[in-house]
Amino acid sequence: MIHSKYWLGLTESFLTIHHISLDYENFRFNRAIARIREFTNILFENEEILKKNNELFKFLIENTIKIFSPMVPHISEEMWRLLGNKNFLIKSGWPVVDKKFLKIENITLAVQINGKLKGTIDLPVNTNSSEIEKKALLLPKVMKIIGKNKPKKIIVVKNKVANIVI
């Protein structure tokens, strides 16, 4: 059985590979680099748990090297060798995405007051706007700032952000 943190690693890995593949195809190199950085942050945050499964950890590190190899090919080849691989990285092929890991069930939605981030809420994907508004208004930091006042307007961008205007 895969530990939930391992599932996270695989899900994040395949999502990252999928999005970076699209970024490279559309010449969005800055976005690709940003996604790689986000992914490596997730790896570092969960390093201790992921290291308990050496096979998974090596898989994630190798995929990370593969996805940034178009940007830094020489360094990537050297890192590939340091991992103990005998063949050239360029011959290993691009990582293949397992589609079952691309299905996203939950998202983290930013909650802002007057355009300034005040917190986040975790919700199922495609939660309706009224439910998002309720959850956003129940955040302790939001409740403290708003107090007994009623917001002038709540702008919800589906699956992205809720902005409360006071």
query: Quick one: in region 39-66, which of the residues that are surrounded by 17 or more Cβ atoms within 10 Å (Cβ to Cβ) and aromatic (Phe, Trp, Tyr) is nearest to the chain's Cα centre (by Cα)?
result: Phe39
task: Please go through region 146-166 and pick out each residue that is without any contact (Cβ under 8 Å) to a residue 40 or more places away in the chain, under 23 Å from the mean Cα position of the chain (by Cα) and farther than 15 Å from Asn106 by Cα.
output: Val156, Val157
field: Top-ranked residue in region 101-137 [being touching an Asp or Glu at 6+ places or on another chain (Cβ under 8 Å) and not hydrophobic (A, V, I, L, M, F, W, C); ranked as modelled with the highest pLDDT]
entry: Pro124
task: Mind listing whichever residues of region 64-119 are touching a residue at least 24 places away in the same chain (Cβ under 8 Å), of a type in the set (A, V, I, L, M, F, W, C) and in a helix (DSSP H, G or I)?
output: Ile65, Ile67, Phe68, Leu89, Phe101
- request: Being surrounded by 10 or more Cβ atoms within 10 Å (Cβ to Cβ) and of a type in the set (D, E, K, R) is the filter here, so list the residues in region 135-159 that pass it.
  value: Lys135, Lys141, Lys158
message: Restricting to region 1-32, name every residue that is among the aliphatic types (A, V, I, L, M), in contact with an Asp or Glu (Cβ under 9 Å, 6 or more places away or on another chain) and at pLDDT 80 or above.
response: Ala32
message: As an exercise: evaluate Met143 against (1) touching a Phe, Trp or Tyr at 6+ places or on another chain (Cβ under 8 Å); (2) among the hydrophobic types (A, V, I, L, M, F, W, C); (3) not assigned by TED's automatic domain parsing to the domain that holds His19 and give the number of the one condition it does not meet.
response: (1)
message: Quick check on my filter: what residues within region 77-105 are within 17 Å of the chain's Cα centre (by Cα) and surrounded by 10 or more Cβ atoms within 10 Å (Cβ to Cβ)?
response: Val97, Asp98, Phe101, Leu102, Ile104
task: Considering every residue within region 138-145, establish whether at least one is more than 30 Å from Lys58 (Cβ to Cβ), aliphatic (A, V, I, L, M), touching an Asp or Glu at 6+ places or on another chain (Cβ under 9 Å) and without any contact (Cβ under 8 Å) to a residue 40 or more places away in the chain.
output: no
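The values are calculated or read from the model by the stated rules, or taken from the named source; none is laboratory data. Computed from a predicted structure; not experimentally measured. All Cβ positions, even for glycine, are placed from backbone atoms using ideal geometry, and neighbour counts span all protein chains on display.
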